[in-house]
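Worksheet for the structure shown next.
FYI, it's all coordinate maths here, none of it is from the lab. This is a predicted model, so every value here is computed, not measured. Neighbour counts are summed over all protein chains in view; Cβ atoms, including those assigned to glycine, are modelled from backbone coordinates with ideal geometry.
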Amino acid sequence: MSFLKALRLPQIALLWTSQVLSAMGDYFYTIAVMWIAVKTSGSSAGFVAAAEAVAMFVFGLLGGVYADRWNRRITMIVVDAVRAVAVMALPILALTSRLQFWHLVVVAVIIGSLSALFDPALQASLPALTGGETRTLQATNGLMDITRRLARTLGPGLAGLLVTFLPLAHLFTLDSLSFVISALAVCALGSRFAWQPAREEQQAHQNGLRGIVQDVAGGIHLVSGHRPLVWSLGAIFLSNFVWSIAFVVGIPLLIARGGLGGSVGVYGLIIAAYGVGNVLSNLVIGSLNIKRRVLTIFLGKGFLGLGFLLLAFSSSVPMALFASALAAIGGPMGDIMLIMMLQTDLPANQIGKAYSLRMIVENVGAALGLLVAVPFLGMVSVSLGMALSALLLVATSVIGLVHFGWREPVVETLVSKQRT
């Protein structure tokens, strides 16, 4: 399998292991910070999550700019070190009874803003770490993608187990240690890899705000010239919009109102089924030699939409579990192929900005879906609202497949454009 081939590379095995631990630490942090915020400030706890999301949005493209300008290895090490110190302040304050709500908000802003720098730097580094071999790069992207999906599935349960032995505040300690491990792993990779674009691919960067604006505008202009990439970003916006409505809000609301037995246990099973579908799809997509990336992306949106449509009208728990797993298949199909496009079709000095743009599009779609979900599902029945939003994804899939056809569109690689 391609996954095993990728893990035979010592640098990939070391990096992936550290990122799995870091992703688990992130869930420990999220659970601890939200629980403490709720206990201390009630409904105002939402400001903590909002502060991190806003910081990630504000610094989104800025993080991509500097991920393409700076040495990415040094950037990731410094970012992890700062995040470790910032998070470690929380258990110290909590265990000395000095932790206040504003401390949580400040740390959330630091985490959100630095994540907007670390993630693009990590993704832009993968082509060099895999030697530019397409199958290995695709498998590595699958490995990196599966980290957050595994953390989403295992993190909450493991956190619940840990707090039976440790004070809740030490979930912050574990997250801080995970950042330290990540920093040490990246440091151990050494300087032998191309952590910056080759000299001939670098551009003369202007300093100050004008230079940043020019970099951002240049990256957006470059992406806009890649038609399949533009369509794929539009599809990821819609899929996150629909996911927020149908899955994040729709499913718990449907069950809470008596659907599928009205049991919170059923809700947990549906979430687990989605996680299992995600992981299995990731293992398959990461291992196959996929040449029709655009086709895979829009087929993935079809699986996601059909799964949500079936979930909206499921009359039994087994049917709901099957529908949830079916929908989950579409996530890795779109995510891995889109990242592959960014890494292989764009110049090395533009990958960070393009990945940041992808993060912003994804987060805006999810946030807009959350804003729309409550009033929308209040105007129509939950099942109908979920079905209508799911049909939007099915239509997106059909339109994309009709527009591009079954063959991979011929796109002049933007790397060659820049070099000529």
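Remarks
- Projecting the Cα atoms of Leu15, Thr153, Val78 onto the charge dipole of the stretch 2-196, computed from C-beta unit charges around the Cα centre, puts Leu15 farthest toward the positive end.
- Theoretical ellipticity at 222 nm over the chain - DSSP helices of four or more residues, -39500 (n - 2.57) apiece, nearest 500: -27000 deg cm²/dmol
- For Arg292, neighbours were defined as the other residues whose beta-carbon sits under 9 Å from its Cβ, and their charges (Lys and Arg +1, Asp and Glu -1) total +2.
- Estimated FRET transfer efficiency when R0 is 30 angstrom, pair Val317-Trp35 (beta carbons, to 0.05): 0.55
- Helical segments meeting 20 Å axial Cα length and Kyte-Doolittle -1.0 threshold in the chain (DSSP H): 10-41, 72-95, 101-129, 134-162, 170-188, 208-224, 227-243, 264-287, 293-312, 317-345, 351-379, 382-404
- Virtual spin-label span in nm between His103 and Ala395, 7 Å along Cα→Cβ: 5.0 nm
- Estimated inter-spin distance, Phe193 and Ala89, nm [label 7 Å along Cα→Cβ]: 3.1 nm
- Each Cα pair under 8 Å and six or more residues apart adds its sequence gap; the mean of these over the residue count of the chain is a relative contact order of 25 percent.
- Working note: Debye formula, equal point scatterers on the alpha-carbon atoms of the chain, no solvent; log10 I(q)/I(0) at q = 0.06, 0.12 Å⁻¹ is -0.24, -1.04.
- Multiplying the residue separation of Ala217 and Thr134 by 0.36 nm and subtracting their alpha-carbon distance yields 27.0 nm.
- Full extension of the chain between Leu14 and Val374 yields a length gain of 125.3 nm, computed as 0.36 nm times the residue separation minus the alpha carbon distance.
- Residues in the stretch 244-261 carry Karplus couplings, in order, of 5, 6, 7, 9, 5, 9, x, 5, x, 5, 4, 6, 4, 8, x, x, 6, x Hz; the curve used is 6.51 cos²θ - 1.76 cosθ + 1.60 with θ = phi - 60°, and Gly or Pro positions show x.
- For q = 0.10, 0.17, 0.19 Å⁻¹, Debye-computed log10 I/I(0) when each Cα of the stretch 2-196 counts as one equal scatterer: -0.42, -1.13, -1.34
- Amide H to amide H, with H built 1.01 Å from N, Phe313 comes under 5 Å of no residue 5 or more places away or on another chain.
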